[in-house]
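Novice: Structure in structure tokens, see below.
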Amino acid sequence: MSSHKESHERGNGVVLEPQKSRVKPPPLYKVLLLNDDYTPMDFVVKVLEQFFTMTREKASVIMLRVHREGKGLCGIYPRDVAATKVAQVVAFARQHQHPLACVMEENT
Ligand code: TYC
């Protein structure tokens with residue numbers, strides 16, 4: 001099978017060289033948790049375990065980084081996956097009356 005970047009003879013003696021791709025891959029997005037003064041630490045650990053499939057140990061390290069530094073990276077995903085995670089985390093936090101903030105930003 002003729003594939004990407006192989007010259008292709010069209011049967012009429014004309015050889016088409018492969019074109020340089022002019023599309024750039026879609027950007028990925030960071031999902032970040034932001035600190036606040038009210039959300040309990042154990043709730044944030046639970047969020048990181050449930051929605052970002054972290055171990056208790058890893059989740060505790062990230063939670064404490066957010067607590068001390070104001071924000072922390074949960075993961076890097078395609079746009080639709082990142083948006084779904086943000087929506088799930090915010091909905092879960094609101095269900096429990098916590099003000100926890102979760103945002104996404106383009107990974108440039
Ligand atoms: N600062 C919170 C507290 O002292 C804990 C916390 C950590 C809140 C991370 C939000 O994203 C957060 N209970």
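What follows is calculated from the coordinates using simple rules that are stated; it is not laboratory data. Since we're looking at a predicted model, the values are computed, not measured. Counting neighbours? That spans all protein chains shown, and the Cβs are built from the backbone with ideal geometry, glycine included.
Novice: Within the stretch 70-108, how many residues are over 11 Å from LEU33 (Cβ atoms) and either charged (D, E, K, R) or near the ligand (Cβ under 9 Å from one of its atoms) (or both)?
Specialist: 7
Novice: For the condition near the ligand (Cβ under 10 Å from one of its atoms), of a type in the set (A, V, I, L, M) and not in a helix (DSSP H, G or I), what is the one hit in LEU32, LEU64?
Specialist: It is LEU32.
Novice: Okay, moving on. Quick one: is TYR38 outside any helix (DSSP H, G or I), of a type outside the set (Asp, Glu) and either within 14 Å of the ligand (Cβ to nearest atom) or more than 21 Å from ALA82 (Cβ to Cβ) (or both)?
Specialist: yes
Novice: Let me ask another. Could you tell me which numbered condition VAL47 fails, if it satisfies all but one of (1) more than 12 Å from LEU100 (Cα to Cα); (2) within 15 Å of the ligand (Cβ to nearest atom); (3) outside any strand (DSSP E or B)?
Specialist: It fails just one condition, (1).
Novice: Next question, about the same structure. Which residue pairs have Cβ atoms closer than 6 Å, lie 6 or more positions apart in sequence or on different chains, and pair a first residue in the stretch 88-108 that is in a helix (DSSP H, G or I) with a second residue that is aromatic (Phe, Trp, Tyr)?
Specialist: Note: pairs meeting the criteria are GLN88/PHE51; VAL89/PHE51.
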